[in-house]
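Novice: Okay, here's the structure, questions in a sec.
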Amino acid sequence: MALKQKDTDAAATATGTKKRRRVFFSDTDAGVEANECMKVFLVWNPGEGGKGITDLKPVLQNIFGENLVEKEEFLHTFSKECEYIRTAVTNGSAIKHDGSYESDPAVEIVRVELQGAAAFLYSRLVPLVLLLVEGSTPIDIGEHGWEMLLVVKKATQEAGSKFELLGFAAVHNFYHYPESIRLRISQILVLPPYQGEGHGLGLLEAINYIAQSENIYDVTIESPSDYLQYVRSSIDCLRLLMFDPIKPALGAIVLSLKETNLSKRAQSLRMVPPADLMETVRQKLKINKKQFLRCWEILIFLSLDSQDHKSMDNFRACIYDRMKGEILGSASGTNRKRLLQMPTSFNKEASFAVYWTQEIEDEDEQTVEQQPEDLKTQEQQLNELVDIQIEEIAGVAKNVTSRCKDKMTELVVQ
């Protein structure tokens with residue numbers, strides 16, 4: 001929704017000319033990561049309850065509600081509630097799959113239903129999720145189908161076993177027509193002291209293992225952070241490297257990029273895998289279509305020679321065309337954008353909405369026309385977005401290469 005410029009409308013009415021709107025890209029607010037502006041202390045015994053305390057109650061009371069407690073209350077409940085981790089782990093089932101914490105047998109991933117002790121444990125983790133995961137909100141644990149995967153480390157003590165919680169993921173099983181289940185990762189968090197140790201990677205691999213072993217329809221992630229998407233794409237690209245059915249189609253795309261001169265083509269080459277291949281990947285690896293398309297471009301990048309300027313320029317041209325189509329639409333001129341007057345409670349006479357249509361333009365309708373200076377700005381900003389996209393692709397490709405050098409020889413098409 002946007003506000004019209006009244007003076008411009010008045011001038012257009014007086015002269016009888018057609019009303020136009022100028023279109024711009026909006027500036028991006030990068031914001032600040034939560035980890036950059038706060039420090040979280042984890043407490044494992046009552047004697048540590050006083051470290052790092054800052055009085056944030058007046059600010060945080062409205063956010064956390066009953067989960068925000070005084071120090072004395074915290075120390076009182078610590079000894080009473082510290083057994084909930086052990087109870088949740090005992091009631092759950094360990095996820096065993098290839099490569100799961102072979103270097104540290106004391107660490108394991110446990111799958112639990114989000115009820116009872118596990119539900120109470122999650123309620124205590126909600127403040128950390130809100131603090132450390134940008135844009136997160138608590139899930140409704142009363143809804144059927146919620147589970148948690150807990151990363152725990154077992155330590156033996158005189159009084160018995162003690163489990164330290166290192167991280168967790170909240171996942172939801174929901175119905176997919178006609179008779180299957182989709183698995184959605186709603187939240188995933190590794191506690192700050194244990195980040196960078198591969199626990200997030202372990203959680204994603206465990207979820208993929210569950211999806212394949214139980215024949216889940218596919219796996220999705222709800223609003224992943226940039227880093228989570230980076231880790232996820234790295235994992236999925238490694239899985240795809242070992243998936244033989246993709247190689248013929250991948251080789252054909254790579255060959256086209258090497259031999260075609262896109263600068264002399266009226267229409268650019270599309271780097272889209274065949275529909276039947278996307279379905280095969282979904283069935284066998286449980287990678288959803290959107291994620292596979294993201295990984296597909298990374299795999300193509302991996303298969304190209306970075307010193308071959310022609311193929312790399314063609315690759316960039318394909319990324320440019322895709323992003324231009326996603327952002328601006330494929331049509332030229334006004335892109336068939338139309339204006340629809342939308343009275344609102346804010347201003348009943350000065351609001352409108354922009355929408356796209358495939359119908360032939362009516363001379364009496366208002367359109368969105370892009371001025372030459374607007375097109376120049378759009379071109380510059382679009383190229384910047386393409387550069388960022390290719391940088392992200394190259395970042396994942398570098399990580400994949402470092403972890404799977406022996407697979408690269410099989411992938412590269414000569």
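Novice: Which residues, counting only those in region 185-220, are open to solvent by 30 Å² or more (accessible area, probe 1.4 Å), touching a residue at least 60 places away in the same chain (Cβ under 8 Å) and assigned to a loop (DSSP other than H, G, I, E, B)?
Specialist: Tyr217
Novice: What single numbered condition from (1) open to solvent by 20 Å² or more (accessible area, probe 1.4 Å); (2) closer than 28 Å to Lys284 by Cβ fails to hold for Gly142?
Specialist: (2)
Novice: Can you name the condition, by its number, that Arg86 falls short on among (1) of a type in the set (Lys, Arg); (2) in contact (Cβ under 8 Å) with a residue 60 or more places away in the chain; (3) touching a helix residue (DSSP H, G or I) at 6+ places or on another chain (Cβ under 8 Å)?
Specialist: (3)
The values are calculated or read from the model by the stated rules, or taken from the named source; none is laboratory data. Just so it is clear, the model here is predicted, and its values are computed rather than measured. Positions of Cβ are generated from backbone atoms using ideal geometry, with glycine treated the same way; all protein chains shown enter the neighbour counts. What goes into the accessible areas is simple: the full protein's heavy atoms, side chains included, and nothing from ligands, DNA or RNA. Shrake-Rupley method; radii C 1.70, N 1.55, O 1.52, S 1.80 Å.
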